[in-house]
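Please read the structure below before turning to the comments.
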Amino acid sequence: MSDNNSMSPESLSDLVTKAKKAGADQADAVFFTGKSNAVSWRLGKLEDVERSENSDLGLRVIIGKNQAIVSSSDMSEKTLDQLVERALDMAKNTPEDPYSGLASRELLAFGDLLELDLCDDRALSDQELQDMAAEAEAHALETDGITNSEGASASISKAEIMLSNTDGFLGHYQSSNYGCSISVIAGEGTKMERDYAWTSRRHFEDLESPYKIAREAAERTLKKLNPQKAESCEIPVVFDPRVSRTLVGHLAGAINGSAIARGTSFLLDMMEKKIFPENINITDNPHILRGPSSRPFDGEGVKNAPLAIVKEGYLQNWVLDSTSARQLELISNGRASRGTSSPPSPSTTNLFMEAGAISPKDLLSDIKDGFYVTELIGSSVNGITGDYSRGASGFWIKDGILTHPVNEITIAGNLKEMYMQMTPADDLEIKYGTDAPTIRIEKMMLAGS
């Protein structure tokens, strides 16, 4: 160990060995370290420069069916010895968890890990970050009709993740992220509207240009001026990719192994049943090169692979870590996620609805009257019943064309029914980590004025 804030993979392995020698039946440890720089820029001036460095260690020990987790940001030898002692004392005094334990050894990702190209070595100075943010804002403010700026930002971060356990697993990988964003205002007085655009990528060369995001932010903002109200009705609703991904996010919550084990999911009894039209496929793929949520192994060291969630409309898999898999008498599919202060839990990686076969323009073409959603406000989604109700704004669709902006409305339905009425367009972009193309739903209630 070189200092009190860093660890080598070998040191992490030594720590879990020490925990086992001290009385643990099993142990694992995870170590995260990261550095980030970010600048904020507004109205031609530098507003803020932020720098952060963090290191965090989490140790989990298991004695029989009792487990405890302790964390520390101090990696000194003395502190680590105390950490082991404290973890063991806690484990002896916690209630039994019949499903606790490390992942089965045969599931672990031993051997050469996939190279997913998640880290770019390129450094950016504060001046370079400042120039990116300044350029984005300048281009946006040059647009006719844009009256003010809420600011632009640019950032860079680097991280390393290490995991070791007493079954001999030791894995680590590095990642990077570069980002730039801009938010602007159009209109005056009580008739102002705002919108934003951003770009975020693992590699600097993949970032969209400040000019491109500036133009997108300005165009989106100007289109929102002079919104109108809408009458309550039942109509087709089309979700822009910026918000369509939330529909896949609700699916992720409903198929999470923990929710299934608790019986708190509206899809509880739907395994291997049809929940979408047959032209819809949804995949969780941790191995996308440079993907926003890619990883070579899961939070328990389990080997991961692309997982079919929905195939030709049929639900294929729950999202499982070892604990939820044991509860359901299944096997982990490598979807554990974890921090340093809590046990692993199931989580998706790069989850996406595959692109459809129709363009967004054609998806709208036969809609006489409908609503195109660009923003969702608030949330009232019941994970047990699937009832869905959200505030929304966007544009009225008239004879297949987006016309005037509409705001202050609510769209409502039930996710089970909504899923069965979906048609995806062909414009999927892997951007957020949970993604979907433009999605059309044939009938939803719209509550307006």
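The values are calculated or read from the model by the stated rules, or taken from the named source; none is laboratory data. Owing to the predicted nature of the structure, the values given are computational and were not obtained by experimental measurement. Cβ: placed from backbone, ideal geometry, glycine included. Neighbour counts: every protein chain shown. All accessible areas refer to the heavy atoms of the entire protein, side chains included, with ligands and DNA or RNA removed. Shrake-Rupley method; radii C 1.70, N 1.55, O 1.52, S 1.80 Å.
Taking the criterion of being under 23 Å from the mean Cα position of the chain (by Cα), among the hydroxyl-bearing types (S, T, Y) and open to solvent by 30 Å² or more (accessible area, probe 1.4 Å), the only residue of the stretch 185-199 that qualifies is Y196.
Could you say whether any residue in the stretch 231-242 is charged (D, E, K, R) and either part of a loop (DSSP other than H, G, I, E, B) or in contact with a Phe, Trp or Tyr (Cβ under 7 Å, 6 or more places away or on another chain) (or both)? Yes, the stretch 231-242 has at least one match. Here are the criteria: (1) touching a residue at least 40 places away in the same chain (Cβ under 8 Å); (2) touching a strand residue (DSSP E or B) at 6+ places or on another chain (Cβ under 7 Å). Tell me which single one S104 does not satisfy. The one condition S104 does not meet is (2). The set of residues in the stretch 310-340 being in a strand (DSSP E or B) and either modelled with pLDDT under 95 or surrounded by 24 or more Cβ atoms within 10 Å (Cβ to Cβ) (or both) consists of V319, A336.
Do we find that V302 is out of contact with any Pro (no Cβ under 9 Å at 6 or more places or on another chain) and on the phi < 0 side of the Ramachandran plot in this structure? Considered against the rule, which asks whether it is out of contact with any Pro (no Cβ under 9 Å at 6 or more places or on another chain) and on the phi < 0 side of the Ramachandran plot, V302 comes out as yes. Can you go through T423, T385 and tell me which one is under 25 Å from A252 (Cβ atoms) and in contact with a helix residue (DSSP H, G or I) (Cβ under 8 Å, 6 or more places away or on another chain)? None of the others qualify; the one that does is T423. Looking across S265, S258, S232, one residue alone is out of contact with any Asp or Glu (no Cβ under 9 Å at 6 or more places or on another chain), more than 30 Å from A136 (Cβ to Cβ) and surrounded by 18 or more Cβ atoms within 10 Å (Cβ to Cβ). It is S265. Looking across the stretch 29-50 at every residue that is more than 17 Å from E160 (Cα to Cα) and not hydrophobic (A, V, I, L, M, F, W, C), the one that is most open to solvent (accessible area, probe 1.4 Å) is identified as K45. In this structure, S157 does not satisfy being without any contact (Cβ under 8 Å) to a residue 60 or more places away in the chain and of a type in the set (S, T, Y).
For the residues E135, E128, E142, the requirement of being within 19 Å of I213 (Cβ to Cβ), in contact with a helix residue (DSSP H, G or I) (Cβ under 7 Å, 6 or more places away or on another chain) and open to solvent by 20 Å² or more (accessible area, probe 1.4 Å) singles out E135. Of all residues in the stretch 168-184, those that are open to solvent by less than 40 Å² (accessible area, probe 1.4 Å) and of a type outside the set (A, V, I, L, M, F, W, C) total 7. Which of the numbered conditions does Y388 fail, given that it passes all the others? Conditions: (1) buried (at least 16 other Cβ atoms within 10 Å of the Cβ); (2) closer than 30 Å to E208 by Cα. In the conditions (1) buried (at least 16 other Cβ atoms within 10 Å of the Cβ); (2) closer than 30 Å to E208 by Cα, Y388 misses (2) alone. Within the stretch 419-435, the presence of a residue that is open to solvent by 50 Å² or more (accessible area, probe 1.4 Å), in contact with a Ser or Thr (Cβ under 9 Å, 6 or more places away or on another chain) and either more than 30 Å from S294 (Cβ to Cβ) or in a strand (DSSP E or B) (or both) is excluded. If the condition is being touching a helix residue (DSSP H, G or I) at 6+ places or on another chain (Cβ under 7 Å) and of a type in the set (D, E), then the stretch 183-197 contributes E193, D195.
Out of the residues in the stretch 341-367 that are within 22 Å of D28 (Cα to Cα) and either at pLDDT below 95 or part of a loop (DSSP other than H, G, I, E, B) (or both), which is most open to solvent (accessible area, probe 1.4 Å)? I'd like the intermediate steps shown before the answer.
Just the residues of the stretch 341-367 that are within 22 Å of D28 (Cα to Cα), to begin with: 341-349.
Within this subset, residues satisfying the condition of being either at pLDDT below 95 or part of a loop (DSSP other than H, G, I, E, B) (or both) are 341-344, 347-349.
Working: S341: 87, S342: 52, P343: 58, P344: 14, S347: 40, T348: 31, T349: 4 Å².
The extreme case among them is S341.
Only one entry in T410, T374 is assigned to a strand (DSSP E or B) and free of Cβ contacts under 8 Å to residues at least 40 places away in the same chain, namely T410. Just one residue in the set E272, E278, E300 is in a loop (DSSP other than H, G, I, E, B) and open to solvent by less than 10 Å² (accessible area, probe 1.4 Å); that residue is E300. The condition (being in contact with a Leu (Cβ under 7 Å, 6 or more places away or on another chain), assigned to a strand (DSSP E or B) and at pLDDT 95 or above) is satisfied by just one residue among S164, S157: S164.
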